[in-house]
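As structure tokens, the structure follows; a few thoughts come after it.
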Amino acid sequence: MIIRKLFKFENAHIVRGCSSVKCRSSVHGHSYKVEILFESNFLDNGQMVYDFGLMKQNIKDLIESFDHAITLWNGDSAEYISDMKKHSSRWVELPVSPSAEQFARVIFLLIDTLLKQTKGINGEKEVKLHSIIVHETDTGYAQAFREDAYNIQMGEIKLQDIVFSKEVIEKFADNKLFEKLKNGTMFINPESV
């Protein structure tokens with residue numbers, strides 16, 4: 001069975017090297033919709049694959065880290081990156097260009113890592129991240145599966161190469177969330193949400 005949860009965020013970026021002149025040469029923004037799809041052949045004690053309420057914890061914080069932020073590619077010019085960081089307190093720096101495709105891969109990696117490091121306490125069993133869908137516009141989206149997220153031919157993504165601004169980190173319910181993810185710390189789902 002597959003379940004799906006929708007999140008939204010507003011974000012600005014430049015996608016260098018793309019065909020569209022406007023997209024590759026001007027900072028612009030989108031109202032993104034992100035769908036997280038979980039799957040399992042089992043149901044928990046509440047007869048659910050995974051309680052949607054649990055997604056309002058760390059998963060929501062990771063998605064909202066991109067909200068009202070500018071996303072930067074660490075391969076862009078040092079001057080551009082420096083200027084954007086100087087003029088925006090909310091930014092995320094990625095090891096890949098911030099296209100919808102790469103957003104889907106990055107978010108997959110973040111959520112997949114969190115899910116693997118989370119211990120369920122309500123009978124959750126073999127819950128896996130099926131895919132991530134990132135809607136950049138009403139008519140266009142990218143969907144990343146496990147093989148996409150970990151495909152280094154599409155650009156290697158390591159948690160250590162993702163950088164969140166201080167302002168982003170301070171808005172996490174647990175401001176050590178990202179450090180815990182990178183260090184392999186185990187998370188335990190709360191008994192009730």
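Could you tell me how many degrees, from 0 to 90 and to the nearest 10, lie between the Cα long axis of helix 78-87 and the main elongation axis, the longest principal axis, of the Cα atoms of the chain?
Roughly 70 degrees between the two axes.
Can you list the HN-Hα couplings for the stretch 162-176, worked out from phi with the Karplus curve (6.51, -1.76, 1.60; θ = phi - 60°), rounded to whole Hz and with x for Gly and Pro?
9, 10, 9, 5, 4, 4, 5, 4, 5, 8, 5, 4, 10, 5, 9
Calculate the translational D of the chain in whole µm² s⁻¹ from Stokes-Einstein, where the hydrodynamic radius comes from the Kirkwood formula applied to all Cα pairs, the temperature is 4 °C and the viscosity 1.567 mPa s.
The estimated diffusion coefficient comes to 75 µm²/s.
Within the chain, what's the longest run with no chymotrypsin sites (Phe, Trp or Tyr not before Pro) in a DSSP loop and at most 15 other beta-carbon atoms within 10 Å? Give the range, please.
43-149
When DSSP beta bridges are limited to those with both residues in the stretch 49-157, what percentage is antiparallel, rounded to the nearest 5?
Here the antiparallel bridges make up roughly 55 percent for the stretch 49-157.
Amide H neighbours of Leu72 under 5 Å, at least 5 residues apart or on other chains, H built in the peptide plane: list them.
Val92, Glu93, Leu94
Which of the trypsin sites (Lys or Arg not before Pro) found in the stretch 74-181 are in a DSSP loop and have at most 16 neighbouring Cβ atoms, other than their own, within 10 Å?
Lys125, Lys158, Lys171, Lys176
Any idea what angle helix 100-116 forms with the longest principal axis of the chain, computed on alpha-carbon atoms, 0 to 90 degrees, nearest 10?
For 100-116 against the chain, the angle is about 30 degrees.
So what does the Cα-only Debye profile of the stretch 125-193 read at q = 0.19, 0.20, 0.28 Å⁻¹, as log10 I(q)/I(0), no solvent term?
Values returned for q = 0.19, 0.20, 0.28 Å⁻¹ are -1.19, -1.23, -1.16.
Which pairs, out of Lys56/Lys166; Lys86/Lys116; Lys85/Lys116; Lys60/Lys125; Lys5/Lys85; Lys56/Lys182, put more than 28 Å between their alpha-carbon atoms?
Where the Cα-Cα span goes over 28 Å, the pairs concerned are Lys86/Lys116; Lys85/Lys116; Lys5/Lys85.
Hey, could you get me the Stokes-Einstein D for the stretch 1-112, Kirkwood radius over alpha-carbon pairs, 4 °C and 1.567 mPa s, rounded to whole µm² s⁻¹?
84
With an 8 Å cut-off on Cα pairs and a minimum separation of 6 or more residues, tell me the relative contact order of the chain in percent.
After rounding, I find 26 percent.
Just in the stretch 135-177: which GluC sites (Glu not before Pro) are loop by DSSP and have at most 11 other Cβ atoms within 10 Å?
Glu156
Any read-out appearing in this document is the output of simple, stated calculations on the displayed coordinates, not a laboratory observation. Keep in mind the model is a prediction, meaning the values are calculated, not measured. Note that we place each Cβ from the backbone using ideal geometry, even for glycine, and neighbour counts take in every protein chain shown.
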